[in-house]
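J.: Below is a structure I'd like to ask you about.
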Amino acid sequence: MKTTDNNVKVDGIDKKILRFLMSDARTPVLKIARNIGISGAAIHQRLRKLEASGVLAGSKFIINPKVMGYTTMAYIGIYLDRAMSNPIAVKQLEKIPEVLECHYTTGNWSILIKVLCRDNEHLMLVLNKKIQQIEGVSRTETFISLDQQINRQITV
């Protein structure tokens, strides 16, 4: 791996390591090393460099929301009364645990958020009692996800 002017160059060995970790972040370093054909110490060194460069942004366990009782995923376009309301609205959205993602967008909405709720009734409560009460929010447009068809990371 090389870094040049804020760009990171990931070589073939780095890509192989990343593919192993993307399929299962708990893959033992020695298993990766045996499959790639280099030492475990070399894998550790490359992992430290990948983390330091920002290519790897951590590892985590993924909770299955349906098993936990959260079955309604929705995307909500938020219209703000003026652009100056963006930072204020985002600070308030951060306080709502059902909000998983928040994006500034081009197009009609000022902000697009992804929310996860137990059911439609819970979604309606979040919309009416939390999101639409935020200062600067003039209206919202909600799209309920019926089923996620693709879920992947970038290809390396």
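J.: Determine, for Phe20, Phe61, the number of other Cβ atoms within 10 Å of each Cβ, and report the residues in order from fewest to most.
T.: Values: Phe20 19, Phe61 6.
Listing Phe20, Phe61 from fewest to most nearby Cβ atoms yields Phe61, Phe20.
J.: Which length gain, in nm to one decimal place, applies between Lys95 and Ala42 when the Cα-Cα distance is subtracted from 0.36 nm times their residue separation?
T.: Values: separation 53, 0.36 × 53 = 19.08 nm, distance 4.22 nm.
Full-extension gain reported as 14.9 nm.
J.: Can you bin region 59-99 into rounded, prolate or oblate? Criterion: square roots of the alpha carbon gyration tensor eigenvalues sorted a ≥ b ≥ c, rounded for a/c under 1.5, prolate for a/b above b/c, oblate for the rest. Please list the in-between numbers first.
T.: Working: a/c = 3.42, a/b = 2.15, b/c = 1.59.
Note, shape of region 59-99 comes out prolate.
J.: Could you give the size of the charge dipole of region 79-132 about its Cα centre, using +1 on the Cβ of each K and R and -1 on the Cβ of each D and E, expressed in debye and rounded to the nearest 20? Write out the running numbers ahead of the final one.
T.: Numbers: 7 positive and 6 negative charges, 31 e Å.
With only Lys, Arg, Asp and Glu charged at Cβ, the dipole is about 140 debye.
J.: Answer with one residue from Ile111, Thr72, Gly136: the one whose Cα lies farthest towards the positive end of the charge dipole of region 72-145, charges on Cβ with Lys, Arg +1 and Asp, Glu -1.
T.: Final value for the positive-end residue is Gly136.
J.: Let me know the charge dipole size of the chain about its Cα centre in debye, to the nearest 20, where only the beta-carbon of Lys, Arg (+1) and Asp, Glu (-1) is charged. Mind showing how you got there, number by number?
T.: On the way: 22 positive and 14 negative charges, 160 e Å.
That gives a dipole near 760 debye.
J.: So, one more: Between Ile63 and Lys129, what is the FRET efficiency for a Förster distance of 35 Å, r being their Cβ-Cβ separation, to the nearest 0.05? Numbers along the way, then the final one.
T.: Details: r = 25 Å, r/R0 = 0.70.
E(calc), rounded to 0.05, equals 0.90.
J.: Which net charge results when you count Lys and Arg as +1 and Asp and Glu as -1 among the other residues whose beta-carbon is under 13 Å from that of Lys16?
T.: Values: positive: Lys15, Arg19, Lys31, Arg34, Arg46; negative: Asp11, Asp14.
Neighbour charge sum, excluding Lys16 itself: +3.
J.: What is the distance in Å between the Cα centres of region 6-47 and region 122-156?
T.: 36 Å
J.: Taking 0.36 nm per intervening residue step and subtracting the Cα-Cα distance, what contour gain separates Ala52 from Asp11 on full extension? Mind dumping the intermediate values first?
T.: Details: separation 41, 0.36 × 41 = 14.76 nm, distance 1.58 nm.
Extra length available between Ala52 and Asp11 comes to 13.2 nm.
J.: May I pose another question? Assigning unit charges at the beta carbon (Lys, Arg +1; Asp, Glu -1) and nothing else, what dipole magnitude in debye, to the nearest 20, does region 2-53 show about its Cα centre?
T.: The calculation lands at about 160 debye.
J.: Checking a compactness column here: for the chain, what do you get for Rg(Cα) / (2.2 N^0.38 Å), N being the number of residues?
T.: 1.37
J.: A follow-up question, please. In region 2-53, if the dipole is taken from +1 on Lys/Arg beta carbons and -1 on Asp/Glu beta carbons about the Cα centre, which of Asn35, Gln45, Leu18 is farthest to the positive end?
T.: Asn35
Bear in mind that the values in this text are calculations on the coordinates, not laboratory data. Since we're looking at a predicted model, the values are computed, not measured. Ideal geometry is used to build each Cβ from the backbone, glycine not excepted, and the neighbour counts take in all protein chains shown.
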